[in-house]
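The next block holds one structure in the form of structure tokens; read it before the comments.
The values are calculated or read from the model by the stated rules, or taken from the named source; none is laboratory data. Quick caveat: nothing in here was measured; it's all calculated off a predicted structure. Methodologically, a virtual Cβ is constructed for each residue, glycine included, from the backbone with ideal geometry; neighbour enumeration extends over all protein chains shown. Calculation scope for accessible area: heavy atoms of the full protein, side chains included, ligands and nucleic acids excluded. Shrake-Rupley method; radii C 1.70, N 1.55, O 1.52, S 1.80 Å.
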Amino acid sequence: MLTCIIRYHIDPARKEQFERYCRNWGEAIPRCGADLIGYFAPHEGSSTLAYGIYNIESLAAYEAYRARLAADPLGRENYEFAQKERFLLREDRTWLRLASAPHGRAS
């Protein structure tokens, strides 16, 4: 299992648009085959840093998922919305694998 962490730099004046973008992915991403952990918008501290986090089985599964997402009506609409509204200033993806499993039990 791989975890994709997307780090966004957003326009703080367009936080509402970013949150709409997040809600749309909240529907489209699970429907297209990834295990969405969530999208996280700025709250305290940085007003420009946000994250999207999801799990996927492998990089091969990711490629198939991306194709389904690009074909999904809400996925296409969300891509176009982000392009039109320009609230995303930067987007970086990092792929991680869980290294701490199995986790210990709490006492």
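Could you say which residue among THR3, THR48 is more than 21 Å from ARG97 (Cβ to Cβ), in contact with a strand residue (DSSP E or B) (Cβ under 7 Å, 6 or more places away or on another chain) and among the hydroxyl-bearing types (Ser, Thr, Tyr)?
After ruling out the rest, the residue left standing is THR48.
I need a count of the residues in the stretch 88-107 that are of a type outside the set (A, V, I, L, M), open to solvent by less than 100 Å² (accessible area, probe 1.4 Å) and either touching a Ser or Thr at 6+ places or on another chain (Cβ under 6 Å) or over 30 Å from ASP11 (Cβ atoms) (or both).
2
Mind checking which residues of the stretch 6-65 are without any contact (Cβ under 8 Å) to a residue 40 or more places away in the chain, part of a helix (DSSP H, G or I) and of a type in the set (Gly, Ala, Ser)?
Across the stretch 6-65, the qualifying residues are ALA13, GLY26, ALA60, ALA61, ALA64.
Select from the stretch 42-77 the residues that are in contact with a helix residue (DSSP H, G or I) (Cβ under 6 Å, 6 or more places away or on another chain), small (Gly, Ala, Ser) and open to solvent by 40 Å² or more (accessible area, probe 1.4 Å) and list them in ascending order.
Passing the criteria: only SER47.
Report whether or not GLU85 is modelled with pLDDT of 95 or more and open to solvent by 90 Å² or more (accessible area, probe 1.4 Å).
Spelling it out, it is not the case that GLU85 is modelled with pLDDT of 95 or more and open to solvent by 90 Å² or more (accessible area, probe 1.4 Å).
Mind checking which residues of the stretch 66-94 are within 18 Å of ALA34 (Cα to Cα) and assigned to a helix (DSSP H, G or I)?
Hits for the stretch 66-94 are ARG66, ALA67, ARG68, LEU69, ALA70, ALA71, PRO73, LEU74, GLY75, ARG76, ASN78, TYR79.
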